[in-house]
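Here the structure is laid out as structure tokens; the discussion comes afterwards.
The values are calculated or read from the model by the stated rules, or taken from the named source; none is laboratory data. Everything quoted here is computed from the prediction, not taken from an experiment. Counting neighbours? That spans all protein chains shown, and the Cβs are built from the backbone with ideal geometry, glycine included.
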Amino acid sequence: MSLGSDMSLLMSEYGDNDLAPLEQALDFRKFRLAMSRNAPNQQLYFIDACRSSSDRLIDSLQYAGRLPVQNGPQASAETPIYFATLAGEEAFGKKNEVSFFTNAILMGLNGMGSDDPAGEWLVTTTRLKEAIDYEVKRAFGGAKPKQVPPTDTLTTFEIHRLRNDPEVPVIVTCAPASENARAEFICERNGVEQSRRPPANETWSITLSAGSYDFRAQFSGGIVRQPKSNSINIRPIYRKVIIDI
Amino acid sequence: MSSGFQLRVSKYLVGVDVPANGVIANIYALDPALSANSKRSVVIPVGYSSNTFRQVDLEPGQYLIEAIMPSGDIISQQAIVKDGQWQEIALEAEQTAHEWHSWHNLTGSVRSSSAFEDEPQIKGIKNYKVDLIRDPRPELRGDDQRSDAVWKLLAALQGPGVKKPIPPHDFGLAGTADHPVASDKRTQLHSFRMNYHGPTEESPRWYVLVSTPKTQQLLTVPCPWFSEHREVPAELLVTKDEDLSITTSWVIQDPDLGTVLAYLANGSLQSALRIASHNSALQLLFDKFENPLGAAAGGYLLLANMKAGEKDDWHHWISNLRRYFQWLPDGCIQFAWLKLKQGPLEDSRAEVRLALFEAFDRGLPYYTLGLQWLVDGLTLLGEDDQEAVKRLKLVQRVSWRADMSNLFTNVNL
């Protein structure tokens, strides 16, 4: 439940007590603020929830739920926060699947939000935000120009080290896109076929480990088309492969 | 022999190029043996003019170039640097349905032409009334003797018994209807330039009131905004939904700070700071103080990226912003948060309290981030501080009606 700067996180028992429904809620704004004056000095918040507007927060005379932590003696901790949706709006997902936002976080941590400035693949807060922004926007199919809200603080720090090469989403398309309906796409690595897609009237979305790949589009009559570069390098955040026809 | 790329993002911005402080790009060397040649967070220009390119020195080899746009879009291209050559690489940004959408598309507040045209057919919605409040009531200017006036005025405009819609003259002496410079069935664009020539220390204040049959929004106008000794326009885009609700967003056509504000609006704070620091733009903002509203954006960026306890040369910039521009609440809020980030609250409680109360007296912050930080700062002072609690209650009532995803303060009435 969200109202301007305030936000109340509703627990599963929310509403059990009609006389005091917000007793089963967390005053998230004050919680994060109080946490920021306590150790550790780097904290990370992910809020995957709808953020419905409700006048209940006004009716409750500024009581937005429980506050299980008190201000500590620390200077402000770094507390980046990632929201699934804008204040006052719903968060989305497909039935029986994780939400778009959680999926974006998992993809980010799995490599989409990583970089290798010193050879090792690291996920940082900033890179993760770039990955989430991109992936949530893609999942919504551009239905809204803006889906992920800004954060009021985003210092950069490392949050995850990958053990394997990152997994990167790749979109393969013919130009013009209308040719996708006639094209069979093939992806190879070191001469070994990795994946193939029969003709379909849409782009081809696959996930590949970071590295170099060869792509081609095959048409009936033995016609083959390839991207301008022979070998396409795939690395986070995502890669679009365009095959001119 | 030197070699590299000449880089830019090609995007038409209604005749305005962003030659220096454009967008963030990463350039990755694809040969693992040359990975040290990769360059990250390079600032490259945006525009269409033939000379709008940035030269990036690179050793021969194959590279992947990735531009991260303020909208969150990513444009990438693979290319080869040849010995002794400077290859021009123009990363093609998506085009917009109308040229007048281009700046707002760069910031992510309006979609590209392909997505826009894919929309289901909708009925055209007539343009809504937009009133520029040129001379707001003393309470809204923040210069009234009663320091809590702006907060009481706005808090009282909400809730049962309030007559809607609120006529613009309720807020000022001369509400002036302002016509859109362009519109279509879903969006209307307004452009503001105030032609203010007085001293920046005494800048007046303007608001905009947008009225629809369903809602009214009072918006702080980020004007006058100066860049390179001239006032640049602030553009307001009103996006209309079929349920009669609206979304509003601002763009400042500032070649130095336009994309900085766009990254800031989307929470990409490190990219915003990287661009603002490019070409010493940030230092110039605070040295010359030609553009206090721009300097305030810089202050938020520095603080939002600040590590706890960090000491730095820029801290006195925040003190100056507070001292020299007494019409600007944001400088006081930033000073309070500078202290809060430097150490425990008890080390600086009196200074924090004074700065937050001063901000409260100056009125509605220009930046939404300022409103959020004012609420949070007053909260941190604690429930034992009755003066702080009194102010917090009023500020919070106003913040409940604010659209926190907007860069500049915007209150639903």
Quiz prompt | Sole residue being of a type in the set (A, V, I, L, M, F, W, C) and buried (at least 20 other Cβ atoms within 10 Å of the Cβ), chosen from B:Val46, B:Val14 | solution = B:Val46
Quiz item: Tell me, which residue of the range B:323-351 that is within 9 Å of another protein chain (Cβ to nearest Cβ) and touching a residue at least 12 places away in the same chain (Cβ under 8 Å) is surrounded by the fewest Cβ atoms within 10 Å (Cβ to Cβ)?
Solution: B:Gly343
Quiz item: Which of the residues spanning the range A:31-42 are of a type in the set (A, V, I, L, M, F, W, C) and either more than 9 Å from every other protein chain (Cβ to nearest Cβ) or part of a loop (DSSP other than H, G, I, E, B) (or both)?
Solution: A:Phe31, A:Met35, A:Ala39
Quiz prompt | Residue satisfying all of: in the range A:96-119; assigned to a loop (DSSP other than H, G, I, E, B) and away from chain B (no Cβ under 11 Å); modelled with the highest pLDDT among these | solution = A:Gly113
Quiz item: Only one residue in B:Leu369, B:Leu394 is in contact (Cβ under 8 Å) with a residue 12 or more places away in the chain and more than 9 Å from chain A (Cβ to nearest Cβ). Which one?
Solution: B:Leu394
Quiz item: Could you list, in sequence order, the residues of the range A:161-191 that are surrounded by fewer than 16 Cβ atoms within 10 Å (Cβ to Cβ) and within 24 Å of A:Asp116 (Cβ to Cβ)?
Solution: A:Arg161, A:Arg163, A:Asn164, A:Ile171, A:Glu188, A:Asn190
Quiz item: Among the strands (runs of 3 or more DSSP E) contained in the range B:10-120, which hold 2 or more residues that are within 19 Å of B:Val260 (Cβ to Cβ) and away from chain A (no Cβ under 12 Å)?
Solution: B:18-29, B:39-47
Exercise. Give me a count of the residues in the range B:59-72 that are free of Cβ contacts under 8 Å to residues at least 40 places away in the same chain and crowded, with 19+ Cβ neighbours inside 10 Å.
Key: 1
Practice problem: Please list, ordered by first then second residue, the pairs with beta carbon atoms under 7 Å, 6 or more apart or interchain, first in the range B:122-134 and among the polar types (S, T, N, Q), second surrounded by 15 or more Cβ atoms within 10 Å (Cβ to Cβ). | Solution: B:Asn127/B:Pro180; B:Asn127/B:Ser183; B:Asn127/B:Gln188
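Residue by residue, here is whether (1) in a helix (DSSP H, G or I); (2) out of contact with any Pro (no Cβ under 7 Å at 6 or more places or on another chain); (3) over 30 Å from B:Pro199 (Cβ atoms) holds:
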| site | (1), (2), (3) |
| --- | --- |
| B:Leu264 | yes, yes, no |
| B:Ser271 | yes, yes, yes |
| B:Ala295 | yes, yes, no |
| B:Tyr300 | yes, yes, no |
| B:Lys307 | no, yes, yes |
Quiz item: Only one of (1) within 20 Å of the chain's Cα centre (by Cα); (2) in a loop (DSSP other than H, G, I, E, B) is not met by B:Lys311, so which one is it?
Solution: (1)
Practice problem: Could you list, in sequence order, all residues of the range A:12-30 that are within 14 Å of chain B (Cβ to nearest Cβ) and assigned to a helix (DSSP H, G or I)? | Solution: A:Phe28, A:Arg29, A:Lys30
Quiz item: Wholly within the range A:204-245, which strands (runs of 3 or more DSSP E) include no fewer than the required count, namely at least 2 residues that are away from chain B (no Cβ under 12 Å)?
Solution: A:204-209, A:211-219, A:223-225, A:239-244
